[in-house]
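Report on one structure; see the data block that follows.
The values are calculated or read from the model by the stated rules, or taken from the named source; none is laboratory data. In this text the structure is predicted, and so the values were computed from the model without any measurement. All Cβ positions, even for glycine, are placed from backbone atoms using ideal geometry, and neighbour counts span all protein chains on display. Note: areas computed on protein heavy atoms with side chains; ligands, DNA, RNA excluded. Shrake-Rupley method; radii C 1.70, N 1.55, O 1.52, S 1.80 Å.
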Amino acid sequence: MNNEEKHDSLQGKDTSSTGVEPEMKSVSAKKSRSFFGERPLPAIEMAPRVLHYQSRRDFLVFGAGALAALASGRFLLPQNTLTRLGVGRNTDSPAKEWFLNRALRIDDDVAEALYSVNRRVPTYTKSQITPLKNNYNGTTPDPGYISGWTLTLEGLASGLSISLDIRNLLARFPVQEQITRLVCVEGWSAIAWWAGLRFDDLLRAYSPMSQAKWARVESSVNLDASGNPDPYFMSLDLETARHPQTLLATHFNGQPLTVDHGAPLRLLVPVKLGLKNVKAITKIAYVAEEPRDYWAERGYSRYDGV
């Protein structure tokens, strides 16, 4: 007798002779439960004394954490911020500076460890290009300097100092194009179409001295907010200079660079933050020791990898 016959037999059985209803067992169908499905929380019984103890302990731990956060915030925040918050005492100290510098150094170490000449940043299509704003450190220089512009190279293996104009550069080196993202330390980014010579091609043509590991890249046409000369200088390790996407850019969006974007020659390092992408380069000097560049002197990170 199959299950359906048993069920029908039971339903049709006469129970009037005994007056006792047959015992019916409740059957609950098991529902399939997803592995990630929510499971009911188990009931936990706890003595009031234990609950009181744990609640008190959690409160004390939370309070200690809050006090530690306030203390560290007071230690790390700039004095101007603390003054706005009503903390008048100057908390600047050598220990604070050391701690912040050490944090920056760890960030630099991680970025440097992740660097690889084989790791390239993404490239884009022309349909993905976005506006790129003029973002000089100070005021935009007058274009009058362009007619007399030259690039000076120092620290060469030959021991000579070389001066090149834009015609020399465009005539000697092949022009490479790429559409990459420029990432600014201020928090914005833009996708732009660049063209120029590879920094690596310049290094091969004019070899640095054997002990050189860094390039000091300078722009003597940089101006401060008042329009006064404020020479801009930045350090770049030669390993990054040799990266295949590091360009000495001469063109922007298919046209020669304008003053806004660093005419006639600017550095483009897509694996670095924008502050490393010096505009209107006037000099490159190869040195053995890492130069303390413009922003490092002002407390910024030195490596600035993306």
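Okay, here's what the table says:
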item	result
Criterion: in the same structural domain as A215 (by TED's automatic domain parsing), among the hydroxyl-bearing types (S, T, Y) and either surrounded by 17 or more Cβ atoms within 10 Å (Cβ to Cβ) or without any contact (Cβ under 8 Å) to a residue 12 or more places away in the chain (or both) - qualifying residue of T150, T139, T180	T180
Strands (runs of 3 or more DSSP E) completely within the range 160-202 that count 1 or more residues being under 32 Å from the mean Cα position of the chain (by Cα) and within 15 Å of N277 (Cα to Cα)	176-183, 189-198
Residue satisfying all of: in the range 204-222; crowded, with 19+ Cβ neighbours inside 10 Å and of a type in the set (A, V, I, L, M, F, W, C); farthest from the chain's Cα centre (by Cα) among these	V221
In the range 274-284, residue farthest from T140 (Cα to Cα) [restricted to those that are touching a Ser or Thr at 6+ places or on another chain (Cβ under 8 Å) and open to solvent by 10 Å² or more (accessible area, probe 1.4 Å)]	K283
